[in-house]
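Trainee: Please see the structure below; I have some questions.
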Amino acid sequence: MRFSVPLLAKVDMGFRMWMPNMPITLVSARNATATRNASAVFRVLPQMTKWELREYLTKIYQLPVKKINTMNYLGKRKRVIGKRRIVYYKYKDFKKAIVTFEDSLKDVGIGTRIAELDDQDGTAEI
């Protein structure tokens with residue numbers, strides 16, 4: 001009897017880069033005060049873990065993450081009553097992640113003006 005090595009074992013994988021394909025939506029953000037750290041609320045896919053979210057924010061955006069709390073939400077179920085039939089549908093499930101940043105981050109940058117987008121008289125271009 002002859003044993004064969006799987007094809008993947010023969011091929012050298014070389015350098016592998018992980019690119020995120022999970023969308024993250026910023027819901028709200030709060031700046032740091034004297035009593036609490038800066039924090040932000042994100043809406044992510046349900047299968048995204050706290051570890052993946054921490055790696056995503058630290059490696060891609062260089063944000064100092066201190067703590068992450070997550071909450072799972074089921075999508076709302078809806079019913080539309082038509083003339084001939086009733087149609088049922090459901091919104092997608094999602095996960096809400098509350099990210100607390102370290103003491104080094106004071107301002108999250110929400111509401112700041114970008115100098116490149118402003119013209120000479122100080123109004124933003126649309």
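Trainee: For N21 and K106, compute 0.36 nm times the residue count separating them, minus their Cα-Cα distance, and round to one decimal in nm.
Mentor: 27.7 nm
Trainee: Extending each Cα 7 Å along its Cβ direction at R36 and E52, get the distance between those two points in nm, one decimal.
Mentor: 2.8
Trainee: While we're here: Given the pairs K67/K106; K50/K92; K50/K96; K66/K106; K50/K95; K67/K96, which span a C-alpha to C-alpha distance of over 18 angstrom in this model?
Mentor: K50/K92
Read the figures in this text as sums done on the coordinates, not as results from a lab. All figures in this text were calculated on a predicted structure; none of them were measured in a lab. Backbone-built Cβ (ideal geometry, glycine too); neighbour counts: all protein chains shown.
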